[in-house]
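Beneath this line is the structure, given in structure tokens, with notes to follow.
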Amino acid sequence: MKIVLIILAIIVAAVLLLVLKTASVKPTSAKTAKVQLDTSERAENYGKALSEMVKVETISHRDQTDREKFYEFHKTLEKLFPLVHENCEKHVFDGSILFRWKGNGDGEPILLMSHHDVVEANGVWQHSPFSGDLDENGKVWGRGAVDTKASLFCIFTSVEELIKEGYSPKCDVYIASSCTEEWSGDGAPKTVQYLKDNNIHLKLLLDEGGMIIEEPIAGVKGTYAMVGVVEKGYGDVKFTAKGKGGHASAPGKNTPLVRLGKFMADVEKKNPFDAQLTPTVREMFRRLAPNMDFGMKLIFANMGIFRPLIIKLVPMVSSAAGAMMRTTLAFTMAKGADGANVLPQEAYVVGNMRFIHHQDNENSIKVISDVAKKYDIETEVIYQDYPCPIVDFMSEEFRLVEKTINDIYPGVGVSPYVMTGGTDAKYYSSICENAIRFAPLYIDSQQYASIHGLDENIYSGTLPMGVDFYKTIIRKS
């Protein structure tokens, strides 16, 4: 009985220590921080200029040969930013553009980039997707407003205004914007090849990625700038099941479509990929933990103890957070027979994979191929590229971005995170170790959901802060 009491006392003491430690983790300023949108004439004028960029339809798609629309967009840039065009060296690569603003020093250059192509705009919109409407609430509406003409506007405007002020940068400043980002096309690779051919190595690259949002993960209160430092690899994989075919009136067992269905259900029920708390994910949770609900804070403020529980539960609770911890596979396409009354001799599904660094392409593909074999399914890799180098969130370049965010958006939290989507920055790995994925603009939950969806829009009142962010980065580089 005494031993039982001692054990109970130890358990109670341990729980008490955990609770006390959790209670000692005080909320940060991010919990109550609110982004104050600019309502001045400056913001209104910026909104009108961004509207002109959004009005130019720049939808891109794979194997696009006619790129005249992108040259029309270039004319809009020339009209809006004449000083950039007069003072910067310009290169065009089949519709993708690169500007060089020559610096007065010999330091390594920086590159600011954001693509100008957009995805299709299907469905019924509140405002026509290429109207560029600027409404009474200061929102600019249209496809590309968030992804990513707003950040591109801020980049060009920052350079335009610095030139007007007579400022000369200490290092070369490059502006890059591809017209093929949405389908991983040739724009960024051609730009990178030009830089490599001219022996250009970048000390910092800023591309699209995270933005400034409220409640970045369910249960985390407050406003955070989520700064992407990890970009996963990409793969399209085809899974094919074969059979004898025949008439649908006399079906056999385990026909191709049935085996594919069992395979997909197996993968969804028992995720075969390895989840880990990588240094970036641990740092993200460490920075978010102070503003979590108490139950979540208890777990994430004591990650050393609850690590196995976190690894198991987080992917179940949040698909977004789970995708930061492991390779993912999403089944996106399928084909069976051509007739409704025919058993297919061959059927297939296509899966889109995003490869995590700790379980790279080869390992992830082997893992999923082994699962497919159980159902007599063949695996074929259609396309793949590899995870990008991880940016050190303790590096001088990350700290520059973090400090600039703190200066422009007082009180807002800053956290590194794992990008689950892809960017043009992946092509720059050979010439830049510090490719940071972050657009310095505030968006609300509806605007976040509108990316590649309906009713894309952004506040014109966030554009002045974006311009000031890029100006600061240039001045401090």
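The values are calculated or read from the model by the stated rules, or taken from the named source; none is laboratory data. Every value quoted in this text rests on a predicted model; they were computed, and no experiment measured them. Cβ: placed from backbone, ideal geometry, glycine included. Neighbour counts: every protein chain shown. For the accessible areas, the whole protein counts, side chains as well, though only heavy atoms, and no ligand, DNA or RNA atoms are used. Shrake-Rupley method; radii C 1.70, N 1.55, O 1.52, S 1.80 Å.
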Checking the table LYS190/LYS242; LYS221/LYS262; LYS190/LYS374; LYS75/LYS190; LYS262/LYS312 against a 32 Å threshold on Cα-Cα, which pairs fail? LYS190/LYS242; LYS221/LYS262; LYS190/LYS374
Checked against the positive end of the charge dipole of region 38-192 (+1 on Cβ of Lys and Arg, -1 on Cβ of Asp and Glu, about the Cα centre), the farthest of THR58, ALA176, HIS91 is HIS91
Return the calculated 222 nm mean residue ellipticity for the chain, to the nearest 500 deg cm²/dmol, obtained by summing -39500 (n - 2.57) across DSSP H runs with n ≥ 4 and dividing by the residue count. -11500 deg cm²/dmol
Name the shape class, rounded, prolate or oblate, that the alpha-carbon gyration tensor gives for region 313-379, where a ≥ b ≥ c are the square roots of its eigenvalues, rounded holds for a/c under 1.5, and otherwise prolate holds if a/b is larger than b/c and oblate otherwise. prolate
Computed over the Cα atoms of region 71-229, what is the convex hull's projected area averaged over all directions, in nm²? 12.0
Let me know the charge dipole size of the chain about its Cα centre in debye, to the nearest 20, where only the beta-carbon of Lys, Arg (+1) and Asp, Glu (-1) is charged. 2200
Phi angles of region 56-66, converted by Karplus (6.51 cos²θ - 1.76 cosθ + 1.60, θ = phi - 60°) into ³J(HN,Hα) in whole Hz with x for Gly and Pro, give 7, 6, 10, 5, 10, 7, 4, 6, 6, 9, 8
Of the DSSP beta bridges with both residues in the chain, give the percent that are antiparallel, rounding to the nearest 5. 70
Using all Cα-Cα distances in region 374-456, what percent lands in each 10 angstrom bin from 0 up to the longest? 12, 34, 31, 15, 7, 2
Restricting to Cα pairs below 8 Å that are 6+ residues apart, what does the relative contact order work out to for the chain? Please round to a whole percent. 26
For the ranges 45-57, 330-342, 264-276, what's the packing order if you count other beta-carbon atoms within 10 Å of each residue, average per peptide, and put the highest first? 45-57, 264-276, 330-342
Kyte-Doolittle mean at least 0.0, axial Cα span of 24 Å or more - DSSP H helices of the chain: 2-24
Given an 8 Å cut-off on Cα distances and at least 6 residues of separation, report the relative contact order of region 94-174 as a percent. 53
Would you mind pulling out the separation of the Cα centroids of region 411-460 and region 182-203, in Å? 20
Output the peptides 88-99, 413-424 sorted from most to least packed, where packing is the average of other Cβ atoms within 10 Å over each peptide's residues. 413-424, 88-99
Gyration tensor (Cα only) of the chain to equivalent ellipsoid, semi-axes in Å sorted down, yields 39, 34, 21
Starting with the highest mean, order 366-374, 402-410 by the number of other Cβ atoms within 10 Å, averaged over the residues of each peptide. 402-410, 366-374
Rounded to a whole number, what % of the accessible area of the chain do carbon and sulfur atoms account for, probe 1.4 Å? 55
How high is the relative contact order of region 206-324? Use alpha-carbon pairs under 8 Å, at least six apart in sequence, and give a whole percent. 22
Over all distinct Cα pairs, what is the inverse of the mean 1/r for region 413-477, reported as the Kirkwood hydrodynamic radius in Å? 14.3
Whole number in Å², please: accessible area per residue of region 119-198, 1.4 Å probe, ligands, DNA and RNA not counted. 35
Among CYS388, LEU260, PHE156 - extreme Cα towards positive end, dipole of the chain, charges at beta-carbon: LEU260
Assuming a ≥ b ≥ c are the square roots of the Cα gyration tensor eigenvalues, decide whether region 150-265 counts as rounded (a/c under 1.5), prolate (otherwise, with a/b larger than b/c) or oblate. prolate
Bin by bin, in steps of 5 Å, what percent of the Cα pairs in region 14-136 do you find, going until the bin that has the longest distance? 2, 7, 11, 13, 13, 12, 10, 8, 6, 5, 5, 4, 2, 0
Over all pairs of different Cα atoms in region 270-340, the reciprocal of the mean inverse distance gives a Kirkwood radius in Å of 13.9
